[in-house]
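Remarks on the structure that follows.
The values are calculated or read from the model by the stated rules, or taken from the named source; none is laboratory data. Just so it is clear, the model here is predicted, and its values are computed rather than measured. For neighbour counting, all protein chains shown are included, and Cβ atoms are generated from backbone atoms with ideal geometry for every residue, glycine included.
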């Protein structure tokens, strides 16, 4: 390296990381550059900046799931889905479908030094399973007008360093049926709960924080599809700002496409939030793009909507097992919230009577029952749906097996009693 080049590197190293980052941003916006380094090319600045950040902050901890051996992290990853548009999931006619993807580096004009530039990209958001047939994601990823045109895909991943899994079994691909509820507030809560077309039976259901808040400086990790890539795991992050009511801020290694990803507490492994917004992904340097390098305290960080913003709408731990001839008391906290139950081991040829009794005049709770799998508002064998909260379903004769019950708030909130008797 020439003496001139060495002097140039020393000069750049005298700047703080956030100052070099600001210089690259200014150039991207064609704003005024720092006079002292205006003659230095962007690629050299970017190289020095990345070096400084790697030493100080270990920037970009993303890794492919096939490299992860920790069984607890793999269990976390099992609940994560990629979101694809329906037109980008092509049925092969043999019970599999092919995901439409593009080369990540080519699509984003990435510099040769960028990680994962030779991998494929295709997902537009991430999500995670919070109940047998409910996906949580960011509110800006899905709404009532596009939900039925979105496919929620398990298994978009790298099998090894060079082999992407883009042919997916159709039983790992789910369609959105309706949006249970959502919020999309600028600078605030950003979440959505989506009902799937059928229950998921072979993947982990994420455990949510339902009360309280995450601790200051708590270590967190994220699992999702950054830039629409095959699933990635990234740790080494902490909560930076815990003061907002609806979200917290963390220094996560995330990119577009990670929106909707679960953010896990690295100690309890509960989901603490949904990744919803943060820094821009890339900056331009000499004709190609590089990842936005950001010091742990020098950028705004990534906003994560707290799970407590929506957890009351998610049934806990799958259907609750109830016994015959026993009254169950519970609460529906809001319109469109549900409670799920199951009666196990019913004998065939019997008579089963299920009664729902509400506690308030302005409630309108409905009752849905299905044999063999969870009952849903749009998938049931029996239902009671009068304009009150007092419903009765009589099944005569019964089949041998399990009956699933769902109580749904069509309107109102409050307490109810449920009893199944023979």
### Query
Can you name every residue in the range 323-348 that is assigned to a loop (DSSP other than H, G, I, E, B) and either surrounded by fewer than 17 Cβ atoms within 10 Å (Cβ to Cβ) or modelled with pLDDT of 90 or more (or both)?
323, 324, 325, 333, 334, 335, 347, 348
### Query
Given the conditions (1) within 23 Å of residue 272 (Cβ to Cβ); (2) touching a helix residue (DSSP H, G or I) at 6+ places or on another chain (Cβ under 6 Å); (3) part of a strand (DSSP E or B), and given that residue 204 satisfies all but one, which numbered condition is not satisfied?
(3)
### Query
So residue 90 clears everything in (1) in contact (Cβ under 8 Å) with a residue 60 or more places away in the chain; (2) touching a strand residue (DSSP E or B) at 6+ places or on another chain (Cβ under 9 Å); (3) farther than 30 Å from residue 46 by Cα; (4) surrounded by fewer than 19 Cβ atoms within 10 Å (Cβ to Cβ) except one condition, right? Which one?
(1)
### Summary
From the option list 183, 195, single residue qualifying as part of a strand (DSSP E or B) and more than 30 Å from residue 370 (Cα to Cα) is 183
## Note on the structure
When the range 349-362 is checked residue by residue, the ones that are part of a loop (DSSP other than H, G, I, E, B) and either closer than 17 Å to residue 393 by Cα or assigned by TED's automatic domain parsing to the domain that holds residue 182 (or both) are 349, 350, 351
## Note on the structure
Scanning the range 160-172 for residues that are surrounded by fewer than 21 Cβ atoms within 10 Å (Cβ to Cβ) and in contact with a strand residue (DSSP E or B) (Cβ under 9 Å, 6 or more places away or on another chain) gives 160, 161, 164, 165, 166, 167, 169, 170, 172
### Query
Taking residue 217, is it surrounded by 16 or more Cβ atoms within 10 Å (Cβ to Cβ) and within 21 Å of residue 301 (Cα to Cα)?
no
